[in-house]
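Data block below; observations after.
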Amino acid sequence: MKNKKFVALIVTVLSLSTFLGFNSKETYASSSVSDSAVTASLAQQVQLVSGKVTNKNTGSPISGVTVAYKNNKGKTYTAKTNASGIYKINVPASRYSITVNYVGYKAFTQSFTISNNKMLKTFNIQLAPANTEGKLTMVAEKSSYPVTANSINVIFKNNTKKDSGYGLLYTIEFLKGNTWVKVPLDFSVNMIYKTLKPGQSRTEAFSLFQDQYKYQPGKYRIKNGDNIAEFTLTAVQQANSITMTADKSSYPVNSQSIKVIIKNGTTKESGYGYDYSIEYFNGKSWQKVPLEFAVIAIYLILKPGETKTETINLYQDQYKYVAGKYRVVKNIDGKELTAEFTLK
């Protein structure tokens, strides 16, 4: 009788332990799955990747471009470039095939591996213009014009082997974020068709109709049929002011120095010292480049109407520059002036 009670007690304890989940094999299995989940989670840490999309021939930024990252599992992540050609994308660590398809440029495809660490990843893209042979093309005569410009010159070229041509009807659009928006203009044009012989070029002036619309500095484009000509409208320097500009719009990324041109457009003497700082544009804001250097404490006089050229050392031994948009910042006569430039 005692043995029967003892067996019954053992059965009861075993049943209770099963009900409460006290099973050693199941417990270890659960622990093993948890460890795998943690490992998988670490492998999927999201990484920030940024880059700039530019024209391979000119180095100018290309806006509104969709950059696609496709990983080895077939999942695709996309991002669009802003007005400065900058894109930012958050993706898990993996091996990616990066593709870009944009009107007027050859398709771009390249592989890129993103690893698990906290360092900012950079992947810049240069798009080669598509072969224009056999097409009628239209480009702006200059990449930028003052925001007060009354018209934009565009160049039509017949790249075919037979007569081609164009009409004079057009629209103007401005880039708002990543979207092109039509400028509200009301005008009429001569409905004529202009012919171009094979290889022939012609320049046309397209009015901006400043009396109808208040243009702001930014990126614009003219559309004429299937042709598009992009350009930038820039702010006009105020009269009777001191200005500072880079002597070139772009420099090689390994340049040791750049030059800035400082002009006194006032009627009074002005001046400045040798001190300056350099900033880079990260896609949203300007960030100071961490440099440490000393300058001679000299105050240079700038007479009315006088222009001086100064050399700005980039201190390549202190900072690894990457392709992108930069600016020199100087205090001149109590005012902070900037001179923008591109490294490519």
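Odds and ends about this structure:
- For the range 228-344, with all protein chains in place and a probe radius of 1.4 Å, 49% of the accessible heavy-atom surface sits on carbon or sulfur.
- Over all pairs of different C-alpha atoms in the range 128-174, the reciprocal of the mean inverse distance, the Kirkwood hydrodynamic radius, equals 12.9 Å.
- In Å, descending, principal axis extents of the Cα set of the range 85-173: 55, 38, 18
- Residue-level accessible surface for Met191, protein heavy atoms, 1.4 Å, Å²: 150
- Among the listed pairs Lys70/Lys248; Lys223/Lys288; Lys248/Lys288; Lys219/Lys259; Lys80/Lys223; Lys52/Lys263, those with a Cα-Cα distance over 28 Å are Lys70/Lys248; Lys223/Lys288; Lys52/Lys263.
- Counting every C-alpha pair in the range 89-233, the share spaced more than 19 angstrom apart comes to 63%.
- Computed on the range 201-240, the Cα convex hull volume stands at 119 Å³ per residue.
The values are calculated or read from the model by the stated rules, or taken from the named source; none is laboratory data. From a predicted model like this one, the values you see are computed outputs, not experimental measurements. Accessible surface is based on the protein model in full, side chains and every heavy atom, while ligands, DNA and RNA are left aside. Shrake-Rupley method; radii C 1.70, N 1.55, O 1.52, S 1.80 Å.
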